[in-house]
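Shown next, in structure tokens, is the structure this report addresses.
The values are calculated or read from the model by the stated rules, or taken from the named source; none is laboratory data. Keep in mind it's a predicted model, so treat the numbers as computed, not measured. Here the Cβ positions follow ideal geometry from the backbone for every residue, glycine too, while neighbour counts run over all protein chains shown. Side chains included, ligands, DNA and RNA excluded: accessible areas come from the protein's heavy atoms. Shrake-Rupley method; radii C 1.70, N 1.55, O 1.52, S 1.80 Å.
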Amino acid sequence: QVQVVESGGGLVQAGGSLRLSCTASGRTFSHYTIGWFRQAPGKEREFVATITRMSGSTYADSVKGRFTVSRTNVKNTVYLQMNSLKPEDTAVYYCAVSTSGLVGPAEYDYWGQGTQVTVSS
């Protein structure tokens, strides 16, 4: 069983920044692929970014150039640095873990409870 905990959400003005953290348990954290997803009110959950065990990263077009995902394996933590935030970034942000290390919607087997990000205009 892998425990996944997100933190760092909050209220920020448009143009501001936030850094989200995702900490996951497990002695093989360095093998995990970690994904960030978000869900806005009334909308379906959508992909935001992913980072593989080799630190390869992929981003949704809507956040490319503004968000950066990184990892620190010694702390079992992945970060999502969010800059130039827009009101449309408002959502609950979820961290998901692929213990197989594979990338893809069906590969994430553990999810956190989410952290709220609200961007005011």
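Note down all Cβ pairs under 8 Å where the first residue falls in region 84-110 and is closer than 18 Å to Y59 by Cβ, the second is in a helix (DSSP H, G or I), and they're at least six residues apart or on different chains.
These pairs meet every condition: S98/E107.
Pick out, from region 1-41, the strands (runs of 3 or more DSSP E) lying fully within it that include 1 or more residues that are under 12 Å from N76 (Cβ atoms).
4-7, 18-24, 33-39
Restricting to region 63-72, count the residues that are open to solvent by less than 60 Å² (accessible area, probe 1.4 Å) and either in a loop (DSSP other than H, G, I, E, B) or modelled with pLDDT under 95 (or both).
2
Would you confirm whether any residue within region 83-100 is touching a helix residue (DSSP H, G or I) at 6+ places or on another chain (Cβ under 6 Å), part of a strand (DSSP E or B) and more than 21 Å from T118 (Cα to Cα)?
Scanning region 83-100 turns up at least one residue that is touching a helix residue (DSSP H, G or I) at 6+ places or on another chain (Cβ under 6 Å), part of a strand (DSSP E or B) and more than 21 Å from T118 (Cα to Cα).
Of the conditions (1) polar (S, T, N, Q); (2) under 20 Å from G10 (Cβ atoms); (3) open to solvent by 20 Å² or more (accessible area, probe 1.4 Å), S55 satisfies every one except a single condition; which number is it?
Looking at each condition in turn, S55 falls short on (2).
Give region 101-120 a look and list any residue that's in contact with a helix residue (DSSP H, G or I) (Cβ under 7 Å, 6 or more places away or on another chain) and in a loop (DSSP other than H, G, I, E, B), or say none.
Hit for region 101-120 is G101, nothing else.
Just to check your reading of the model, which residue among T33, T50 is among the polar types (S, T, N, Q), buried (at least 21 other Cβ atoms within 10 Å of the Cβ), more than 19 Å from S120 (Cβ to Cβ) and touching a Leu at 6+ places or on another chain (Cβ under 9 Å)?
T33
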